[in-house]
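Enquirer: Quick one: the structure is below, questions incoming.
The values are calculated or read from the model by the stated rules, or taken from the named source; none is laboratory data. For clarity, every value in this text was computed on a predicted model and none was experimentally measured. In case anyone asks, the SASA skips ligands and DNA or RNA and just uses the protein heavy atoms, side chains included. Shrake-Rupley method; radii C 1.70, N 1.55, O 1.52, S 1.80 Å.
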Amino acid sequence: MDIGISFKNLREGKGKSVYALSKETGVSENHIHSIEKGSTQPSVAILERLLNALAVSYTHLRAHETRRHL
């Protein structure tokens, strides 16, 4: 599962910078960039923290990813 681009699009759509998301969640900016580039997959715990900060559910993220592939 490559959720990086979908996650980045959702983050940008919420108007949240990587810096702000990092400060809010405690996840490093480098790790967030790596997730968005698809070079690393987040753990469930990290993904949950990031999605909660964006007020987005995992289901919403997956739906966004599915629409991107259609």
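Enquirer: For the chain, what does the equivalent ellipsoid look like in terms of its semi-axes, each the square root of 5 times an eigenvalue of the Cα gyration tensor, given largest first in whole Å?
Expert: Ellipsoid half-lengths, sorted descending, are 17, 13, 11 Å.
Enquirer: Using a probe of 1.4 angstrom, how much of the accessible area of the chain is carbon and sulfur, in percent?
Expert: Ligands and nucleic acids excluded, carbon and sulfur give 51 percent.
Enquirer: Roughly how many Å² is the accessible area per residue of the chain, as a whole number, for a 1.4 Å probe?
Expert: Solvent-accessible surface per residue comes out at 60 Å².
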